[in-house]
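The values are calculated or read from the model by the stated rules, or taken from the named source; none is laboratory data. Computed from a predicted model, the values in this text were never measured in an experiment. Every residue, glycine among them, receives a Cβ derived from its backbone with ideal geometry; neighbour counts consider all protein chains shown.
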């Protein structure tokens, strides 16, 4: 390793370090002054902004109070509307059940009447058919008796063409 001690390099390094240190101290002093100035400006801004903040806070508090009252009123109105709607729905549903029961009762009564009417109609139809059958049998029997009487009473009056049948 070379010996730099004899050539003045350490002195130059010390001078450079001292210069750097002096420069750092000057910059620190300048920065300290800037910080003090900024702090004073900040304090002034805080003082003047404090009043604005107080006014804004008071105004915001009033606004929040009004909004809270409005929200409470709206919630109360919504609750009353919901309660009224639920009651109306319950009444409507109950009425619908009553009407359905009434319709079912009427339908059952109508079916009973139809069944009774069907029985009466069937009985009437049966009576009509019986009377028709009796009438037809009597008419056929009467016609047969009439033909037989004619055949017995007048054998010679029958035309020759029909005599072969007798």
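For residue 29, state whether it is loosely packed, with under 10 Cβ neighbours inside 10 Å and modelled with pLDDT under 75.
No.
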Test: residue in segment 66-79 that is under 21 Å from the mean Cα position of the chain (by Cα) and in a helix (DSSP H, G or I): yes
